[in-house]
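Rule-based calculations on the coordinates, nothing more; no lab input. What you see is a predicted model; the values in this text were computed from it and never measured. Every residue, glycine as well, gets a Cβ built from its backbone with ideal geometry; the counts of neighbours run over all protein chains shown.
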Amino acid sequence: MILLSKSISSEEGHKLGLIDALEAESFKQLVLSDTAKALVHVFFAQRATSKVPKVTDVGLKPRPMKKVAVIGGGLMGSGIATALLLSNIRVLLKEINSEYLLKGIKSVEANLKGLVSRGKLTQDKAGKAFSLLKGVLDYTEFKDVDMVIEAVIENIQLKQKIFKEIEEVCPPNCILASNTSTIDLNVIGEKTNSKDRIVGAHFFSPAHLMTLLEIVRTENTSAQVILDLMALGKAIKKVPVVVGNCIGFAVNRTFFPYSQAAHMLVNLGVDLFRVDSVITSFGLPLGPFQYISPPCLVVLLYDYLSN
């Protein structure tokens, strides 16, 4: 550093000093901006998610999650399975027939290949992750799973049936989780006797890429179950946020008025493409109408027609 400073001419030194001064002035302006304040808030808010009163401060330790079953190999189920596999967790992927199971397994394989093609994952690691996946058509191998994540269509009767079945075949300490985005967890688990083990594990699509994980607690969910799921979320590189069992949980509860405002503008004559353009130019990755993808429409329509 001393030799470098000696080699700089006085003119160059003056230029560097000017640059430093300009940089300092720019930093001073930026650090006081609303954007900087918002980013600081986000940083500390994310750190705060790891501290949940009466869960993380009562001396409990998370239990290891070595084997997880995912019920449903569709878009969400295959994404959740991929996220688990990438963290070296053995996964049972269950479907109702061989055709759907094969599609689910191929979806997981496609997810891993996509990461390899984008340089996010080596071929060796992808192969190792895929080797941890096993497809099943029944509950025979559920006898030693640490957690079950149900990721089927939003149908109350179907989910109730599944939860009743897995309660009977899984170990007594197994966590019973649902990926539901719209249904009350108390309703899903009302036919079981294990309400303290029932919790929401709401991933966002594509589940192996999106980092947020809503952990939905009911008044009966045990602190141990919540802590275990928080630890699992961190292990699979998610940001776990514990929320209450209410309509929309946290994210969709925020999205509802946002979406309603966007539709109100269109009803008043504003072009929907303009609405999306304004939102994306503001900095969000997608506009409200771009966000409503075909899978979302299918879920919403099925939920409306079924329930």
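Show the residues, 5+ positions off or on another chain, whose built amide H is closer than 5 Å to the amide H of Leu93.
Distant-sequence amide H within range of Leu93: Val70, Lys134, Gly135, Val136.
Please give the calculated 222 nm ellipticity per residue for the chain, where each DSSP H segment of at least 4 residues contributes -39500 (n - 2.57) and the sum is spread over every residue; nearest 500 deg cm²/dmol?
-16000 deg cm²/dmol
Which entry in [x] 22.0; [y] 23.6; [z] 19.8 is this structure's computed Kirkwood radius over Cα pairs in Å?
[x]
Can you give me the Cα centroid spacing of segment 115-161 and segment 186-246 in angstrom?
17
Hey, with R₀ at 51 Å, roughly what FRET efficiency would Leu22 and Arg253 work out to, going by the Cβ-Cβ distance, to 0.05?
Using R0 = 51 Å, I get an efficiency of 0.70.
With r defined as the distance between the Cβ atoms of Leu272 and Leu212 and R0 fixed at 35 Å, what FRET efficiency is calculated, to the nearest 0.05? Don't skip to the answer; put the middle values down first.
Values: r = 26 Å, r/R0 = 0.73.
Calculated transfer efficiency: 0.85.
Between Ile19, Ile215, Ile183, find the one with the highest GNM mean-square fluctuation for the chain; connect C-alpha pairs within less than 10 Å.
Judging by the Gaussian network model, the answer is Ile19.
Kindly write out, for segment 256-266 in residue order, the coupling ³J(HN,Hα) from the Karplus curve 6.51 cos²θ - 1.76 cosθ + 1.60 (θ = phi - 60°), rounded to whole Hz, with x marking Gly and Pro.
4, x, 4, 5, 4, 5, 5, 5, 4, 4, 5
Under 10 Å from the Cβ of Asp146, count the other residues' Cβ atoms, weight Lys and Arg +1, Asp and Glu -1, and hand me the total.
+2
Where does helix 156-169 land angle-wise versus the long Cα axis of the chain, in degrees 0 to 90, nearest 10?
Between helix and principal axis, roughly 80 degrees.
Under a straight-distance cross-link criterion of Cα-Cα below 26 Å, which lysines are reachable from Lys120, leaving out those fewer than 8 residues away in the same chain?
Lys66, Lys67, Lys103, Lys106, Lys128, Lys134, Lys234, Lys237, Lys238
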